[in-house]
Amino acid sequence: MNLDELNGIAKKMVAKGRGILAADESSGTIKKRFDAIGVENTEDNRRDYREFLFRSSAMKDHISGVILFDETIRQKAKDGTPLVKLIQDAGSIPGIKVDAGAKPLAGSPGETVTEGLDGLRERFVEYHKLGARFAKWRAVIDIADGIPTYNCVNANAQALARYAALAQENGIVPIVEPEILMDGAHDIATCERVTGWVLETTFSQLFYAGVRPEGMILKPNMIVPGKKCAKQNSIAEVAEATVRVLKRHVPSSVPGIAFLSGGQSDEDATAHLSAINAIGNLPWAVTFSYGRALQAAPQKAWSGKAENVAKAQAAFGHRARMNGLAATGAWSKANEAA
Ligand code: 13P
């Protein structure tokens, strides 16, 4: 393992005012997004959509890296240029989602464990050749009556650790993503307690697996109440709870934390990130690795029509700029109108 090289890549992924575009929707997930805007889920449409994102001017200024799906890392733009090259030409780093999705966990009804470890070493060798310098693995933890269980938290943390060790062995920075879903009716204190538990378990498994914190990026959820909880908290409360949990459980040797948006509104995801950074004095760089909160607006503006591409690129550029500001703690609502 060349830790200096991994550390250099990780630092670039969280460079000041820049963050990660999570464009790694599986064919099933992108179908859901396309269905919502009346676009047929064909290989060409997926290519056209991602091509205009990667060609947009916002990439250079605000997007440090792009997480790709297996199909996309092999795909070429309409003019034959590999999509990976478009990303590299914009000064951004290509990354790859390597997990095979969350599957029902035996013995734990209602819970999942993320699969995809078989053959992963060989896949990393190939992805590195294709240009990937970082990867993503997402564990999914739900909160409801009696869950998460010890079994679920432990199984997911072990899988994350085995994935991350294989990534580092192959010169690829692992994004370690233990996502606690915000779908439930739980309050913010429950999210804080479960997130603390999951992070503590994950970093302990990473340690046992020999993963070096200097060569990874953490992609956590923010500390928010479930969407169905009657009490929704202020931006400041979310920021304070999030910083408290991260300071308790994330080693300061981790170069960066890049949040998922998880179903927050576009503006909440930006406001929370800015408030977290505004607290200041954080030992890690803190930025975004958003899927929906960066792409919902351009998807809607595009709606599958070539004549809407410039408008869609502008919508993407706006969210990328807003989140770039938030990554330095400098966003305010007034910026949204600018
Ligand atoms: P969201 O920002 O839409 O949660 O997606 C980020 C991601 O990569 C989830 O794995």
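No value in this document is a laboratory result; all are computed from the given coordinates. This structure is a prediction, so every number in the text was calculated from the model and none was measured. A quick note on method: Cβ atoms are made from the backbone with ideal geometry, for glycine too, and the neighbour counts reach across all protein chains shown.
For the chain, the 222 nm mean residue ellipticity estimated from helices alone, with every DSSP H stretch of n ≥ 4 adding -39500 (n - 2.57) and the total spread over all residues, rounds to -15000 deg cm²/dmol. Taking Gln295, Gln168, Gln88 as the candidate residues, the one with maximal mean-square fluctuation in a Gaussian network model of the chain, Cα springs under 10 Å, is Gln88.
For a straight C-alpha distance cut-off of 22 angstrom, the lysines reachable from Lys103 (same-chain residues fewer than eight places away being disregarded) are Lys31, Lys32, Lys136, Lys219. When we measure straight from the Cα of Lys85, which aspartates and glutamates land under 16 angstrom away, once same-chain ones fewer than 8 places off are left out? Straight-line reach from Lys85, under 16 Å: Asp48, Glu51, Asp70, Glu71.
Where does the Debye-calculated log10 I(q)/I(0) of segment 1-158 sit at q = 0.11, 0.15 Å⁻¹, using only Cα point scatterers of equal weight, no solvent? Results for segment 1-158 at q = 0.11, 0.15 Å⁻¹ read -0.53, -0.92.
Using only C-alpha positions, report the orientation-averaged shadow area of the convex hull of segment 194-338, nm², one decimal. Walk me through the numbers on the way to the answer.
Working: hull surface 40.6 nm².
The Cα convex hull of segment 194-338, projected and averaged over all directions, gives 10.2 nm².
When the Cα positions of Gly119, Met182, Ile87 are compared along the charge dipole of the chain, Ile87 comes out farthest toward the positive end, with charges on each C-beta of Lys, Arg, Asp and Glu. Volume per residue of the convex hull around the Cα atoms, evaluated for segment 89-159, comes out as 97 Å³. Only one residue of Phe52, Pro104, Asn170 has its Cα farthest out toward the positive end of the dipole of the chain, where Lys and Arg carry +1 and Asp and Glu -1 on Cβ, and that residue is Phe52.
Computed from point charges on the beta carbon alone (+1 for Lys and Arg, -1 for Asp and Glu), the dipole magnitude for segment 182-245 about its Cα centre is near 120 Debye. For segment 72-202, the antiparallel share of DSSP beta bridges with both residues in that region comes to about 30%.
May I ask for the Rg/Rh ratio of the chain, computed from Cα atoms with Rh as the Kirkwood radius, given to two decimals? Kindly include the intermediate steps, with their values, before the conclusion.
Details: Rg = 18.7 Å, Rh = 19.9 Å.
Rounded to two decimals, Rg/Rh equals 0.94.
Think of segment 253-338 as having a plus end and a minus end, set by charges on the Cβ of Lys, Arg, Asp and Glu; of Ala278, Tyr290, Ala327, Tyr290 sits farthest toward the positive end of this dipole. Restriction of the trypsin sites (Lys or Arg not before Pro) in segment 71-136 to DSSP coil positions whose beta-carbon has at most 15 other beta-carbons within 10 angstrom yields Arg74, Lys78.
The DSSP beta bridges internal to the chain are antiparallel in roughly 15% of cases.
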